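All of the numbers you see were taken from the coordinates with simple rules; none came from a lab. These numbers come from a predicted model, not from an experiment. Here the Cβ positions follow ideal geometry from the backbone for every residue, glycine too, while neighbour counts run over all protein chains shown.
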Amino acid sequence: FDHDNRLDIAVANNGTDNIMILLGSGLGTFSRQTNYTNGDGSHPYSIAIADFNNDSLLDIAVANYGSNNIGIRLGYGDGTLSNQTTYFTGEGSHPYSVVVCDFNNDTHLDIAAANYGSNDVSLFLGYGNGSFMSQYTFSGGFESHPSALAVGDVNGDHVMDIIVANSGYGNYEVLSKC
């Protein structure tokens, strides 16, 4: 996050409603812990790291379970992040997991979120400048409780698919050609 080619760590702290950035020393230790509050009751569960605004700096997407949104923080390249911009996932949706990929092949990164409470998956298409369109939703079925997502070309069609782990059903499903 500080553009020094050393690994840094980003952590979602569900119990304290914040995310934490630890900057790597390159020697297996980390320094300068910075906490970013996501709001009272936000309960961040999952983080994805990518460059959402095409400035070659790392940005963060976070699934805020308690506040029913996806938060975006843009990185400044010096170990600090912008204020959080949020994208609503629906009342009671409780996003649990978030992944990043260019799902529509427009060269802009998009975000998918597993919404445990509303039994669906949200897809936010990116503009390439750090902002995203309103969500598209894909239903997972009554009490499916999607809890984790992965991305890959499961069916070999050269288009990325979303793999959804449903903790309510104890199974998975593949969303193709989102």
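So the values come out like this:
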quantity	calculated
Under the Karplus curve 6.51 cos²θ - 1.76 cosθ + 1.60, θ = phi - 60°, whole-Hz ³J(HN,Hα) for the range 158-164, x wherever Gly or Pro sits	6, 10, 5, 10, 10, 9, 10
Proximal charge balance of residue 78 [Cβ under 12 Å; K/R count +1, D/E count -1]	-2
In order through the range 132-137: 3J(HN,Hα) via Karplus (6.51 cos²θ - 1.76 cosθ + 1.60), integer Hz, x for Gly, Pro	9, 6, 4, 6, 9, 10
14 Å beta-carbon shell around residue 120, net charge (K/R +1, D/E -1)	-3
Cβ-Cβ FRET estimate between residue 91 and residue 27, R0 fixed at 41 Å, reported to 0.05	0.30
Principal axis dimensions, largest first and in whole angstrom, of the range 93-147 by Cα	34, 16, 16
Length gained when the stretch residue 49-residue 176 is fully extended (0.36 nm per residue, less Cα-Cα span)	43.4 nm
Whole-Hz couplings from phi, Karplus 6.51/-1.76/1.60, listed for the range 3-8; x for Gly and Pro	6, 10, 6, 10, 5, 10
Inter-label distance for residue 34 and residue 106, nm, one decimal - labels placed 7 Å from Cα along Cα-to-Cβ	3.0
15 Å beta-carbon shell around residue 6, net charge (K/R +1, D/E -1)	-3
Extension gain from residue 6 to residue 83, taking 0.36 nm per residue of separation minus the Cα-Cα distance	25.3 nm
